[in-house]
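The values are calculated or read from the model by the stated rules, or taken from the named source; none is laboratory data. Values in this document were obtained by computation on a predicted structure and should not be read as measured data. So basically every Cβ, Gly included, is an ideal-geometry build from the backbone, and we count neighbours across all protein chains shown.
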Amino acid sequence: MAEWTEQTERSNPFTLRLICYIALNLSRGFARLLLWPITLYFFIGSPSARYASGQYLRRVPGCKGNAWQIIRHIHHFSAVVLDRVYFLTDQFQRFSIDIYDEEHLDEAMSHGRGAILLGSHVGSFEALRCLALRRKQLPLRILMYQDHNAMITRILDELNPDVASSVINLAKPTALFEMQEALEQGELVGMLGDRVLKDEKKISCSFLGEDVNFPAGPFKLAEMLGVPVIGFFGIYTGGNHYEIHHKLLFDGKKVPGEQRESVVKELTQAYASSIEDMVRRYPYNWFNFYDYWGDKQ
């Protein structure tokens with residue numbers, strides 16, 4: 001898998017702030033009109049994003065990875081980025097949101113301990129805030145690298161400082177201690193698990209017909225801390241509609257020492273398979289716009 005941290009931001013502060021202003025002060029319908037020129041800008045001006053989209057789509061059954069499908073793919077991503085503005089400012093009334101298999105979250109939290117909500121770069125991770133708002137008794141912390149795409153992260157954080165203060169920055173040496181403390185206090189910790197860093201321990205998983213490396217960290221942490229892991233997907237299905245899907249990936253029960261490595265491998269593969277299932281059903285929700293399979297290497 002190619003190193004995703006080498007990507008650079010193509011946006012600029014003025015454009016991002018303009019989009020935020022239009023989104024918050026004009027209608028969402030008008031703001032969405034801007035998505036087409038933005039989509040065409042990236043389609044024409046970003047060969048790497050265009051290549052990555054085609055590289056991915058050609059691996060999805062039923063997709064050809066032609067120009068129109070790539071444009072649709074980028075447009076879906078643009079729409080989800082725009083809707084981040086509304087999710088971060090708690091404007092959930094703008095959307096029709098269907099929630100599936102929420103009982104997995106109820107079961108995980110019924111034992112009085114925290115849980116890891118393991119997302120991916122599939123759909124909208126910010127839709128997770130819809131659940132947090134519905135369940136105000138469940139504090140939510142987000143584990144992420146704030147330094148990557150720092151400009152857009154900073155501008156969006158300005159929309160809701162409370163969200164920014166709930167982030168645990170993985171770049172900090174105290175990140176894992178903060179995560180453990182949050183889980184011990186019965187909080188939810190949301191994180192993404194579909195990208196690996198260069199020196200990170202990884203596990204080879206079957207994904208869309210090929211072997212791809214996934215980080216071992218999420219399930220190693222969950223097993224070590226004895227907390228359940230729930231797969232989470234906030235799928236954008238067009239217009240103002242989202243679907244939130246849950247999948248229990250790990251129940252948090254203690255694993256015998258000699259089985260830990262094999263169990264972590266099995267759990268990571270189950271997570272990869274859950275992502276594969278989602279992108280087969282919703283192919284335009286895949287938002288890893290870089291050389292994910294390392295075809296150019």
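Go through the residues of the range 68-78 one by one and say whether even a single one is more than 30 Å from residue 182 (Cβ to Cβ) and among the small types (Gly, Ala, Ser).
Yes.
Looking only at residues that are β-branched (Val, Ile, Thr) and more than 12 Å from residue 85 (Cα to Cα) in the range 14-51, which one is farthest from the chain's Cα centre (by Cα)?
Selected residue: 44.
Counting only residues that are more than 16 Å from residue 249 (Cβ to Cβ) and surrounded by fewer than 19 Cβ atoms within 10 Å (Cβ to Cβ), how many does the range 82-105 have?
Selection size over the range 82-105: 11.
Does any residue of the range 27-41 turn out to be over 21 Å from residue 127 (Cα atoms), touching a residue at least 12 places away in the same chain (Cβ under 8 Å) and not aliphatic (A, V, I, L, M)?
Checked the range 27-41: at least one residue is over 21 Å from residue 127 (Cα atoms), touching a residue at least 12 places away in the same chain (Cβ under 8 Å) and not aliphatic (A, V, I, L, M).
Do we have any residue at all in the range 216-234 that's under 18 Å from residue 125 (Cβ atoms), buried (at least 17 other Cβ atoms within 10 Å of the Cβ) and free of Cβ contacts under 8 Å to residues at least 40 places away in the same chain?
There is at least one residue in the range 216-234 that is under 18 Å from residue 125 (Cβ atoms), buried (at least 17 other Cβ atoms within 10 Å of the Cβ) and free of Cβ contacts under 8 Å to residues at least 40 places away in the same chain.
Suppose we keep only residues that are hydrophobic (A, V, I, L, M, F, W, C) and at pLDDT below 80 within the range 107-127. Which one would you say is farthest from residue 194 (Cα to Cα)?
Looking at the filtered set, the residue picked out is 109.
Restricted to the range 40-53, and to residues that are surrounded by fewer than 18 Cβ atoms within 10 Å (Cβ to Cβ) and within 26 Å of residue 209 (Cα to Cα), which residue is modelled with the lowest pLDDT?
Across the range 40-53, the extreme among qualifying residues is 48.
Just checking, how many residues over the range 175-215 are surrounded by fewer than 18 Cβ atoms within 10 Å (Cβ to Cβ), assigned to a loop (DSSP other than H, G, I, E, B) and at pLDDT 90 or above?
Summing the residues that are surrounded by fewer than 18 Cβ atoms within 10 Å (Cβ to Cβ), assigned to a loop (DSSP other than H, G, I, E, B) and at pLDDT 90 or above in the range 175-215 gives 2.
For residue 79, indicate whether it is in contact with a strand residue (DSSP E or B) (Cβ under 9 Å, 6 or more places away or on another chain), assigned to a helix (DSSP H, G or I) and modelled with pLDDT of 85 or more.
yes
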